[in-house]
Amino acid sequence: MLVDGERNAHDAICNDPQETIVDATSRDRLGTKAIDALSTGLALLDRRIQVLFANATAKRILTMPSLFKTMAPLPLALVDAESNEALRRAVAQACRNASAALQLRDCDARPAITAVVLPLCPAEWQGPWPQQTVLLAMNESTRPHAIPDHWLSQMFGLTRAEASVTNWLISGRTIDAYAQHRGVSLETARSQLKAVLAKTGMSRQAQLVATLSRLPIEHASS
């Protein structure tokens, strides 16, 4: 329950959500920083597949030479011909107000990116955007993201050893390889995994990996 002072502060923020931010430029900068923190790549594209905006993750993905042969300010073009055509179809579909999902392959035709293309309503935007603007959201298929130990401790109460085995499995490696790498018995490694499953409320290793393999925040440098 809020006391009077807390209630007044709460009401002030709710009634004026811009209370603590002085100007639009500050809000825009904070918004950009927030979007850049996402581990999902977000890019705004026009109907010609030119990039109007990209967050930090999207900028990194869009400059991968194994994936893209042209990039902003030129229209995007993928190295893999089938992926390139799939992206063009998806953007055209989104311009007709229908979403699309696709998989983008690298120069060796290996699955590299899972993506969705979503239509955006022009009326929601205040700025010089063209009428047909779509959102390309991308996740890398194979890039491992180690979760900081203190996050795993905060979320589930995992010990450092339990966090270590969790991140090992999230990266796509086996419990047997973990035991060899750490110089512990397979029984010990399996006991640690059992403790992780109990603390996270998961029933299977596959469920654990699927749930924790990608948090929505970019934390590779944490």
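Quick notes
- Amide H within-cut-off set for Leu78, under 5 Å, with H built and near neighbours excluded: Lys69, Asn84
- Computed E for Thr70/Asn97 - FRET, C-beta separation, R0 30 angstrom, nearest 0.05: 0.65
- For Ile49, solvent-accessible area (1.4 Å; no DNA, RNA or ligand), Å²: 0
- For segment 75-81, 3J(HN,Hα) computed residue by residue from phi via the Karplus equation (6.51, -1.76, 1.60; θ = phi - 60°) reads x, 5, 9, 8, 5, 6, 4 Hz, glycine and proline entered as x.
- Surface listing: Trp151, Trp168 arranged by accessible area from highest to lowest gives Trp151, Trp168, probe 1.4 Å.
- Per-residue surface analysis assigns Ser83 an accessible area of about 0 Å², computed on protein heavy atoms at 1.4 Å probe radius.
- Phi to ³J(HN,Hα) by Karplus 6.51 cos²θ - 1.76 cosθ + 1.60 over segment 99-106, Hz, x for Gly, Pro: 7, 8, 10, 7, 10, 9, 10, 8
- Separation in nanometres of the label points that stand 7 Å from Cα toward Cβ, at Thr32 and Thr114: 3.1
- Gyration tensor (alpha-carbon) shape descriptor, segment 36-98, a/c threshold 1.5: oblate
- With all protein chains modelled, accessible area of Met71 [1.4 Å, Å²]: 60
- Annotation: amide H of Ala112 within the under-5 Å range of Leu104, Arg105, Asp106, sequence separation 5 or more or interchain, hydrogens built in the peptide plane.
The values are calculated or read from the model by the stated rules, or taken from the named source; none is laboratory data. Remember, predicted model here, so these are calculated numbers, not experimental data. Neighbour counts are summed over all protein chains in view; Cβ atoms, including those assigned to glycine, are modelled from backbone coordinates with ideal geometry. Just so you know, the surface numbers come from the protein's heavy atoms only, side chains and all, with ligands and any DNA or RNA stripped out. Shrake-Rupley method; radii C 1.70, N 1.55, O 1.52, S 1.80 Å.
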